[in-house]
Each structure stands twice: as C-alpha cells, then as structure tokens.
1. Once you have the Kirkwood Rh of the range 91-226 from its Cα pairs, apply Stokes-Einstein at 25 °C and 0.890 mPa s and quote D in µm²/s.
2. If r is the Cβ-Cβ distance from A44 to T154 and R0 is 45 Å, what FRET efficiency results, to the nearest 0.05?
3. Please identify, among L254, L242, L128, the residue showing maximal mean-square fluctuation in a Gaussian network model of the chain using a 10 angstrom Cα cutoff.
4. How many percent of the alpha carbon pairs in the range 68-110 exceed a separation of 17 Å?
5. Treat the chain as a sphere of radius equal to its Kirkwood radius over Cα pairs and apply Stokes-Einstein at 20 °C in a medium of 1.002 mPa s; give the translational diffusion coefficient in µm²/s, rounded to a whole number.
6. Please check the chain for the longest run free of trypsin sites (Lys or Arg not before Pro) that are loop-located per DSSP (anything but H, G, I, E, B) and have at most 12 other Cβ atoms within 10 Å.
7. For labels at L20 and L92 in the simple 7 Å Cα→Cβ model, what's the distance in nm?
8. So if the hydrodynamic radius of the range 189-259 is defined as the Kirkwood radius over C-alpha pairs, what does Stokes-Einstein give as its diffusion coefficient at 4 °C and 1.567 mPa s, in µm² per second?
Amino acid sequence: MAPGGVLFDFLPIWIVILGLAVFFYVLLDGFDLGVGILYGFAPAEDRPLLMNSIAPIWDGNETWLILGGVGLLAVFPLAYAIIIPAVYFPILLMLLALVFRGVAFEFQFKNPAIRRLWRWGFCLGSVLATLAQGFVLGAFVQGFRVKGRDFAGTSFDWLTPFAATTGVALLLGYALLGAGWLVLKTEGHLQDWARRMGRICLLGVLAAIAVVSLWTPLADPAVAARWFSWPNVAFLAPVPVLTALAALAAWRALNGWGPDAGPFLWAMLLFLLSYLGIAISLWPYIVPRQVTVWEAASSQGTQAFLLIGTLFLLPVIAVYSSWSYWVFRGKVRGDVGYH
C-alpha cells in the first residue's frame with residue numbers, strides 16, 4: 001500500500017516520466033543546440049548543410065522541455081515553487097535565446113538581405129541557451145537556500161563558480177552531441193571536420209566530468225558518503241568504469257572506427273551515465289538536501305488525473321518524433337534541404 005493509505009502510488013511512474021522527459025530533452029535538443037554551437041566554427045560554404053541537417057526536427061525536440069516543465073509544476077508543485085524563483089534569470093535567458101534562435105533559423109532563409117546577422121544569431125542563441133541550462137543545472141546540484149516552503153536566497157545565487165563550470169561543461173557536451181550528429185548526417189570533408197571537432201569536444205567533456213566529479217563530493221559530504229562509503233563504492237563502481245569505456249569507444253568512433261552512427265550513440269551513452277551519476281548523488285531529493293520527492297509531490301488524486309491525459313499524450317509525442325526522424329533519415333546533401 002502506498003503512503004497515506006492509498007492503494008496505488010503513482011509517484012514512481014511520474015518520477016520515471018519526468019526523468020525521461022528531461023533526459024530526452026537534453027539528448028534531442030542538445031544535439032541540435034550543439035550543431036548551432038559548432039555552426040560558428042564551420043567552413044562558410046558548409047554552414048547551410050549544418051542547418052539542413054536539423055531543419056526537419058529541431059523544433060519538435062523542445063516538446064520534451066514543455067512536458068518536463070509542466071509536469072514539474074503539476075506533480076511537484078512545492079519543488080517548482082522553490083526552484084523556479086531561484087533560477088528565474090537563467091531560465092529567462094534560455095527562453096529568450098531559444099526564441100531568438102528560432103527566429104534566426106527561419107529568417108535567414110526568408111530575409112537574405114541580412115542573412116549574415118541571422119546566421120550569427122542562430123549560433124549565439126544556441127550558445128546562450130546552452131550556457132543558461134548549464135547554470136540552472138549547476139545551481140540545482142549545489143542546492144538552494146530554503147526557509148520553510150519558500151526559496152530564501154537572492155536572485156543571483158545561481159551565479160557561482162560551480163555553475164559556471166557546469167555551463168562550460170554542458171556547452172562542450174552539446175557540441176559533442178552536435179558533432180556526432182553531423183558525422184551521422186554528412187559525408188566527405190564536412191564529416192571529417194565534424195570528427196575533428198568531436199575529438200576536441202570529447203577531451204573537454206572528459207576534463208569537465210573529472211572536475212565536477214571531484215568538486216561535488218568535496219563540497220558536499222553527503223555526496224562523498226554516497227559514492228565512497230562501503231559497500232556503496234563497490235555497487236556504484238560500474239558507473240565510472242562504464243563512463244571510461246564509453247569515452248574510449250567514442251574516441252575510437254570519432255577516429256573512424258565502426259559505423260557513422262557510432263560517435264552520436266557513444267556521446268548519448270556518456271550523457272546517460274552522467275545523468276545517472278547526478279541522480280545517484282542527489283536521490284531522493286528533488287530540491288537537493290532540502291525537499292524529497294515525497295514531500296514535494298501533489299496529492300494522489302491530482303497525480304492520477306494528470307496521468308490519464310499524459311499516458312494518451314506520450315505515445316503521440318513518441319510516434320510523431322520517431323516518424324520525423326525516420327522520414328528524414330540518411331545523409332543531408334547540398335542540392336536538397338530546407339528553403
């Protein structure tokens with residue numbers, strides 16, 4: 001029986017749904033933001049191909065962000081009421097950057113007179129949106145000052161060295177995903193360029209993972225105890241070991257070993273393992289060291305009501321997203337694309 005005498009507990013289902021929504025957003029919007037980040041470094045003659053590689057699917061990827069945000073508000077209202085005021089500014093910056101990026105994406109095809117401005121806007125919007133997400137992640141991992149049921153900090157508590165580090169880490173991570181996507185979708189000299197950029201980004205990602213993995217337990221004794229006490233250290237050892245193996249496989253794939261999908265798939269696995277590492281460090285808190293998932297959850301009735309609609313909606317999102325990727329599979333070429 002679930003807590004409170006309820007016959008069935010819907011909370012584990014919602015934890016899985018929202019956890020997957022956030023992860024899918026990071027992966028799917030992450031690689032198209034990564035393509036936007038790399039856009040500013042790409043050879044000028046190849047930049048239209050970068051845009052064409054994500055044109056059919058980039059805006060649909062943000063569906064998962066909406067699902068995650070609405071789900072957090074509906075299912076964990078207390079967490080929403082604490083987290084959102086703490087990171088208003090980076091979230092506002094992220095949303096503005098995503099809007100500007102979308103406008104730049106469309107207008108650079110429809111307003112050729114100032115196409116150069118829109119193309120740089122596309123790159124800048126991608127960079128700012130990614131940095132803002134990294135600051136939100138860093139602030140979340142560090143935790144928030146809470147008094148009672150309210151955020152008790154200032155509007156700039158998110159602006160810390162650790163959050164800046166996670167911002168740079170996410171920038172490199174998204175660029176790695178973008179490079180993997182370009183290896184999958186392009187060929188010839190552009191694919192070779194994407195492999196080179198991917199190797200640079202992979203080295204940066206591994207350095208960032210090492211820094212954050214050391215910084216977090218040093219700053220938080222509870223995280224240190226979670227990872228390094230016995231027998232936890234034995235049970236959790238597969239996570240760093242698999243991370244090292246995935247990094248080695250990604251490096252080999254970026255050097256031409258295996259199919260073109262290899263760099264993208266190994267980069268996704270690195271993100272999954274990093275995501276699991278954060279979840280292991282913070283569980284069961286949804287507001288780190290302050291509020292658990294059970295304390296933040298809405299009533300069982302509310303969860304059940306929302307779950308009915310969500311279970312109808314999720315297959316629709318999954319089907320149209322999968323269909324989009326299937327229809328636009330294969331290599332992108334200069335003679336066809338988005339106009």
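1. On the way: Rh = 17.1 Å.
This corresponds to a translational diffusion coefficient of 144 µm²/s.
2. Details: r = 44 Å, r/R0 = 0.97.
Efficiency for this residue pair is about 0.55.
3. L242
4. On the way: 443 of 903 pairs.
Of the Cα pairs, 49 percent sit more than 17 Å apart.
5. Working: Rh = 21.1 Å.
It diffuses with D of about 101 µm²/s by this estimate.
6. Values: sites that count: R149, R329, R333.
That would be 150-328.
7. Once both label points are built, they end up 3.5 nm from each other.
8. Details: Rh = 14.0 Å.
In µm²/s, the coefficient is 92.
The values are calculated or read from the model by the stated rules, or taken from the named source; none is laboratory data. This one's a predicted model, so the numbers in the text were calculated from it and none came from an experiment. Cβ atoms come from the backbone with ideal geometry, glycine included; neighbour counts cover every protein chain shown. These accessible areas exclude ligands, DNA and RNA; they are computed on the full protein's heavy atoms, side chains included. Shrake-Rupley method; radii C 1.70, N 1.55, O 1.52, S 1.80 Å.
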